[in-house]
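Please treat every number below as a calculation from the coordinates, not as lab data. Quick caveat, the model's predicted, so the values are computed rather than measured. Quick reminder, even Gly has a Cβ in these numbers, built from the backbone with ideal geometry, and neighbours come from all protein chains shown.
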Protein chains: 2
Amino acid sequence: MTRSPEPLQPQPRHSGGKTRRRGAALETALIDAAWDELQAAGYASLTMEAVAARAGTSRAVLYRRWRGRPELVIAAMRRHRPMLSGEVPDTGSLRGDVLALLHQMSGRLAETGPETVYGLLGDYFADAELFSRIQDQVLQIGTGVMATILKRAADRGEARHDISSMIATLPTDLFRHQIFLARTPPSERVIVEIVDDVFLPLTRP
Amino acid sequence: MTRSPEPLQPQPRHSGGKTRRRGAALETALIDAAWDELQAAGYASLTMEAVAARAGTSRAVLYRRWRGRPELVIAAMRRHRPMLSGEVPDTGSLRGDVLALLHQMSGRLAETGPETVYGLLGDYFADAELFSRIQDQVLQIGTGVMATILKRAADRGEARHDISSMIATLPTDLFRHQIFLARTPPSERVIVEIVDDVFLPLTRP
DNA sequence: CTTATTAAGATACGACCGGATCTTAATTAC
DNA sequence: GTAATTAAGATCCGGTCGTATCTTAATAAG
């Protein structure tokens, strides 16, 4: 006891007096704190400091697990949102499938909260290292699903078989571009226009 | 002299001993310092502190003129780059014009330096207020030029007259989307693909 | 059970932010 | 020329960042 002669130490911040959480229990608490802080403050105002305080610990503990705010928030979102992405629309028509896909993306954005999405985008653009680590993930979002949809459409005779990947990803790319540039999900009118006036004419046999 | 009993005051940072720059002269010095710092450190490492130090003044002087880093850097770029945007390509064919336009954009990006562009993008995404202040500017980049190009093409009989604005901005939008997502200017192959496989088929009479 | 290892949590560091205050040059008004 | 106004530049503030260090619980190893 060379450092603290004061009898009243500065109140250990975590609830249980002198318990010290570890491993999964601690990690869950941290992620929950991040999630709560995200709801309470929003992405822009979310600080590592605030999350640590909410979890009753210090920043160092956060930095031992995540590189920074964006990774922490993404971890929180992964935990608190099932991320039910898997479902490929199958409405029976190419037009219906693509529209459904875009609506799906629209819903996803709305759920996540645009403010969080743009905040994350900001952090990702600012850091090349960070960006490259999710580049593939985001870039491929359209590809797989559209391949399936187009395959089925081609088998039904609705589309050619030799659709280039650029055309295949047109709907999702244009959708994303709208989000980037307008900072708001595309309106229903724009979605329909993407599909009817741009995409479908380029895919017909 | 109640505050500094030390005889050696901390070396007034601006060169001329006790001259105090003002107005345009000062502003030029600040902008030059920002530009130099941008070249020396790059956007990501450019701090207001460093620019102020380089200009031999303090941050407060910078904040009196610009809201923050992005506006300061943009001011520096405006000063040090003629921004010769005006020229609308006129090659005699729709295909040539659009290709020229995309190459122009490609060159612009290269000149500015991708690192700076992505850094700016990061700051803009992070701040809704900031974003909305340049939204129109960036959003409209394609529109005007493409309108002119398409008008001429339609008069030559190369394109329909009733091209929707979404199709009109397809090339620039897809180009931008590539930049956003790949964090690198589109290859020549991609540019040609945008024009030949996507844009031109949608514009023919 | 005792000892060694791990890592939680506290604390301190230097950097930068954005703003505020204060003194004092530089400028303008009279 | 003198006085009033403006704003440059220095300094300080509280906040956050990311890192490093230290103590000491919690766990694992023997």
Point to revise | Centre separation in Å (Cα based) which lies between the range A:92-159 and the range B:68-82 | key: 34
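For chain B, what's the relative contact order in percent, using C-alpha pairs closer than 8 Å and at least 6 residues apart? Each step should come with its number before you reach the end.
Numbers: 149 pairs, mean separation 38.2, N = 205.
It rounds to 19 percent for chain B.
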Exercise for review: Run through the other copies and list how far each one's label point is from that of A:SER164, in nm with one decimal, shortest first; the point sits 7 Å from Cα along Cα-Cβ.
Suggested key: 2.1
Check your understanding: Rounded, prolate or oblate: which fits the range A:36-126 when a ≥ b ≥ c are the square roots of the eigenvalues of the alpha-carbon gyration tensor, with rounded for a/c under 1.5 and prolate only if a/b beats b/c?
Key -> prolate
Practice item. Starting with the fewest neighbours, write out A:VAL61, B:VAL198 ranked by other beta-carbon atoms found within 10 Å of each beta-carbon. Key: A:VAL61, B:VAL198
Practice item. List the distances, in nm to one decimal, from the label point of B:HIS103 to the label points of the same position in every other copy, shortest first, placing each label point 7 Å from Cα along the Cα-to-Cβ direction. Key: 4.5
Review point. Which distances in nm, rounded to one decimal and ordered from shortest, link the label point of B:PRO201 to the equivalent label points in the other identical copies, with labels set 7 Å from Cα toward Cβ?
Key: 1.1
Study note, to complete from the structure: Using alpha-carbon positions, the gyration tensor of the range A:119-205 gives root eigenvalues a ≥ b ≥ c; with a/c under 1.5 called rounded, otherwise prolate if a/b exceeds b/c, else oblate, the class is oblate
Revision key, fill the gap. Across 10 Å bins beginning at 0, the whole-percent shares of Cα-Cα pair distances in chain A come to 7, 28, 26, 18, 12, 6, 3, 1, 0
Study note, to complete from the structure: When the charge dipole of chain B is computed with +1 on Lys and Arg Cβ and -1 on Asp and Glu Cβ about the Cα centre, the Cα farthest towards its positive end, among B:GLN137, B:ILE163, B:ALA41, belongs to B:ALA41
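What is the protein assembly as shown by shape, rounded, prolate or oblate, if you read a ≥ b ≥ c off the alpha carbon gyration tensor as root eigenvalues and call it rounded for a/c under 1.5, prolate for a/b larger than b/c, and oblate otherwise?
Working: a/c = 3.19, a/b = 1.31, b/c = 2.44.
The shape class here is oblate.
Let me check against my output: what whole-number percent is the relative contact order of the range B:82-199, with C-alpha pairs under 8 Å and at least 6 apart?
Values: 74 pairs, mean separation 39.2, N = 118.
The normalised contact order for the range B:82-199 reaches 33 percent.
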